[in-house]
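See below for the structure under consideration.
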Amino acid sequence: MSTAAASSPISGEPVRPRRLLTLAIVAAIALATLLAYWRVGEGGFVNLDYDAYVEHQPLVNQGLRSAGVAWAFTGSHSSNWHPLTMLSHMLDCELFGVKPAPIHGENLLWHGLKSVLVSLGWRALTGARWREPSCSCSRSAGGSGGSGARKPGSRLAGCGFSARWCR
């Protein structure tokens, strides 16, 4: 039986078993997230707000244009002023058109990335590989809030990377 440790493909240095376990947990969480939401591309837009914010909003569904960018920062929609959300929707329309499948696919990737960052941030903040959180950080991907997958996880992950920086 060989006792040789696995080595990093980047540095060639031995990888510690703890790091491998953390990597395996993070990969499992990302895979579970992707599998849970895999069929999201089969659905259309949710008629709660995508119709008002994306489908029937010419300044948004034309993509990133100077008039739309100016409107995002100076106008409001449905009694809300959220320029970054509008810019996010414009970028989605610029890249994918007004098609739900690729937009939902992008949100799926954001959810996967968020779950990895939250896991790493949790590890950096608590030192534990796995603990049941006392509150939920999840949010469904909605229209008016922009790509919901980008928000809560980003905050926790940012805290985690700040904790790592301070060590």
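Per the listing 71, 130, 81, the residue uniquely at pLDDT 90 or above and of a type outside the set (Lys, Arg) is 71. For residue 84, the stated conditions do not hold, so it cannot be described as part of a helix (DSSP H, G or I), in contact with a Lys or Arg (Cβ under 8 Å, 6 or more places away or on another chain), loosely packed, with under 13 Cβ neighbours inside 10 Å and in contact (Cβ under 8 Å) with a residue 24 or more places away in the chain.
If you check residue 23 against the conditions, is it at pLDDT 90 or above, surrounded by fewer than 14 Cβ atoms within 10 Å (Cβ to Cβ) and assigned to a helix (DSSP H, G or I)? Criteria not met by residue 23. Scanning segment 75-110 for residues that are in contact with a strand residue (DSSP E or B) (Cβ under 8 Å, 6 or more places away or on another chain) and under 14 Å from residue 44 (Cβ atoms) yields nothing.
The values are calculated or read from the model by the stated rules, or taken from the named source; none is laboratory data. Values in this document were obtained by computation on a predicted structure and should not be read as measured data. No Cβ is skipped: glycine too gets one built from the backbone with ideal geometry, and neighbour counts run over all protein chains shown.
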